[in-house]
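Each remark here refers to the structure printed beneath this line.
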Amino acid sequence: MALYRDNLPQLTGEIFLADAGMETDIIFNRGIDIREFASHTLLTDPVGRAALTDYLRGFVELAADRNLGLILDAPTWKAHMHWSEDLREDAAFLRSANEDAVGLVAQLRAEAANNKPIVINAPVGPRGDAYKPEEVISADEAEKYYAEQIGWLVPTDADMATALTFTQSSEAIGFCHAAAAQHLPAVVSFTVELDGRLPDGQPLREAVEAVDDGAEGYPAYFMINCAHPDHFASAVQDGDWRRRIRGIRANASRMSHAELDEAPELDAGDPHELARQYVELRDRMPWLNVFGGCCGSDLRHVTEIAKAVTV
C-alpha cells in the first residue's frame, strides 16, 4: 500500500537521499544494454531485473547506514505511450510494467531494515527527448496525455510521481493537473542546459513560477536534474522562488547534453568534488534536503554526497 501519499515525510526538512543515474550505471558500469534507454524493459529479463534490484538495493542500504530517508525510484520513466511504437509495447503491457516496477521497489521497502522512511517515487519522463523538446506541448494536451500513466500508478504502492527531466513548463503544468485530478502527490524536476535555462530557453526561475501559477501550487516541490552544478549554480543565486526547490539530482559530468549524447564512454566525473559542490549549494539554499544523482553518477557519488551533507 502507499504509505506516505497523504503526508510526504521529506516535507519535514529532514535529509533524504535519492538514487543516481539508473540507466547509465546499468549500461556502462554493469554492461547490460537497455533497449531505447527504457529501464522498465529490464523487468521481464532475469538478468536485467537482477541488475535493477541490485542497483536499487545499494541505495536502500546506503540510506540505512547513514540513517537517512530515501526517495526510491521505480523504473517507470519511459513506461508511457509516447515510446510505445519504438518499444513495440501496447497500453496493456505498459500498465503492467508500471505495476511491476512499483511492485519491485515496494518489495525492497518491505524487506528493508531502515529506521527512516522510504518513499516510493514513480518517475515520469517527458514526451520526447529529455535533452531537448521535440515540440511545444500545451498544458491541456499534457494533462490529457499524462492522465493515463498516472491512472496506472494510482492503484499501486507509489507514494508520489515526479515529472523527471522535463524540458518545458507547459508540459509540467499539464502533468500536475493530471496528478491533482487523481490525488497523487507530484514533484517537478527540470532539465537545464549549460546556462541554467531549460532546453527551450526559459529561465529556471520563470519555469518554476509558471508551473506554480499554472498548477495552483500543486507540486510538493521542485528539483533540478540532468546538469552539472557548474551549469545551474548561477541560476539559483537569489530570490524567494528558490525555496520551492528542495532537491538536486546533478550529472557527474560537466559535458553538455550534446557531448553526452555522442560520448562513447561514461564520464563519471569526481564524486568527491561533486559532493563538495552539493554542500556549497546547500550552504546557499539551506532548505535543500533531497539529494541524488543523474547521468554518469552511481552509488559512489551519492555515498560521498550523503557523507558531505550530513557533516
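Computed from the coordinates by the stated procedures, all read-outs in this text should not be read as laboratory data. Owing to the predicted nature of the structure, the values given are computational and were not obtained by experimental measurement. Heads up, the Cβs are rebuilt from the backbone with ideal geometry, glycines too, and the neighbour counts pull from every protein chain shown.
Values computed for the structure shown
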| quantity | calculated |
| --- | --- |
| The chain, relative contact order in percent, only Cα pairs under 8 angstrom and at least six apart counted | 20 |
| FRET efficiency for Glu280 and Asp90, using Cβ-Cβ distance with R0 set to 51 Å, rounded to 0.05 | 0.65 |
| Ascending count of other beta-carbon atoms within 10 Å, so fewest first, for Ser169, Ser256 | Ser256, Ser169 |
| In range of the label at Glu36: residues from region 99-139 whose backbone nitrogen is under 12 Å from the point 7 Å along Cα→Cβ | 128 |
| Cross-link reach list, lysines versus Lys132, counting only Cα pairs under 19 Å and skipping chain neighbours closer than eight places | Lys78 |
| Debye-sum result for the chain in log10 I(q)/I(0), which assumes one identical scatterer on each alpha carbon, at q = 0.08, 0.10, 0.14, 0.15 Å⁻¹ | -0.30, -0.48, -1.03, -1.22 |
| Placed amide H near Thr165: partners under 5 Å, 5+ positions off or other chain | Ser189, Thr191 |
| In Hz, Karplus ³J(HN,Hα) per residue of region 250-258 (6.51, -1.76, 1.60; θ = phi - 60°; x = Gly, Pro) | 8, 6, 6, 9, 8, 4, 6, 5, 5 |
| Pairwise label distance in nanometres, Val136 with Asp213, each label 7 Å out on the Cα-Cβ vector | 1.6 |
| Cut-off under 5 Å, modelled amide H: who pairs with Ile71 long-range | Leu17, Ala18, Val119 |
| Under 27 Å from Lys307, Cα to Cα: lysines that are on another chain or at least 8 residues apart | Lys116 |
